[in-house]
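Novice: Quick one: this structure, given as structure tokens, is what I'll be asking you about.
Only the coordinates and a few stated rules stand behind these numbers; no lab work does. These numbers were taken from a predicted model, which means no experiment stands behind them. In this analysis, Cβ positions are derived from the backbone assuming ideal geometry, glycine residues included, and neighbour counts consider all displayed protein chains.
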């Protein structure tokens with residue numbers, strides 16, 4: 001059971017990175033400029049934002065957890081758990097970012113959970 005912490009760490013840092021990036025961009029009401037030069041400068045400036053940097057760093061940490069998980073599990077058993085990321089991002093998006101909630105999204109996430117269960121158990 002202890003090895004599942006590697007998968008949980010992968011999920012946590014993956015979801016954190018996605019949510020923090022969206023939160024930071026949303027909180028600053030930033031949009032991607034039109035010209036290539038402005039886009040490039042815009043993205044470089046964002047890299048120096050401490051929150052955005054933490055999102056990128058969390059992706060690196062998630063990769064370390066994933067490497068640890070790959071030493072303990074077959075990829076066909078571990079990878080289905082990564083399908084939990086959309087469900088967790090959905091919950092965080094609704095709770096913390098004010099994103100839309102619909103019954104269709106909930107049904108879709110329930111189907112994903114059933115798929116994970118079937119894939120891992122059978």
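Novice: Could you list 31, 99 in order of exposure, starting from the residue whose Cβ has the fewest other Cβ atoms within 10 Å? Working shown, then result.
Specialist: Working: 31 8, 99 14.
Least crowded to most crowded, the residues run 31, 99.
Novice: Suppose R0 equals 22 Å; then what is the FRET efficiency for residue 8 and residue 54 from their Cβ-Cβ distance, rounded to the nearest 0.05?
Specialist: 0.70
Novice: Exposure proxy check: 89, 106, 118 ranked by fewest other beta carbons within 10 Å?
Specialist: Details: 89 18, 106 13, 118 10.
By the 10 Å Cβ count, ascending: 118, 106, 89.
Novice: Averaging sequence separations of C-alpha pairs under 8 Å and six or more residues apart, then dividing by the length of segment 4-121, give the relative contact order as a whole percent.
Specialist: Relative contact order of segment 4-121: 37 percent.
Novice: Another question, then. Nearest 10 degrees is fine. How inclined is helix 103-121 to the longest principal axis of the chain, computing both from alpha carbons?
Specialist: That works out to roughly 40 degrees.
Novice: Quick one: order 5, 23 by neighbouring beta-carbon count within 10 Å, fewest to most. Can you show the working numbers first?
Specialist: Working: 5 14, 23 17.
Exposure proxy ranking, most exposed first: 5, 23.
Novice: Further question on the same structure: Given labels modelled 7 Å from the Cα in the Cβ direction, how far is it in nm from residue 100 to residue 76?
Specialist: A separation of 3.9 nm, rounded to one decimal place.
Novice: State log₁₀ I(q)/I(0) for the chain at q = 0.14 Å⁻¹ as given by the Debye formula over alpha-carbon point scatterers of equal weight, solvent excluded.
Specialist: Log10 I(q)/I(0), no solvent term: -0.74.
Novice: Roughly how tilted is helix 36-47, in degrees to the nearest 10 and between 0 and 90, from the longest Cα axis of the chain?
Specialist: So the inclination is approximately 60 degrees.
Novice: Another one. Taking 1 over the mean of 1/r across every pair of different Cα atoms in segment 81-122, what Kirkwood radius in Å do you get? Working shown, then result.
Specialist: Working: mean 1/r = 0.0923 Å⁻¹.
Kirkwood hydrodynamic radius for segment 81-122: 10.8 Å.
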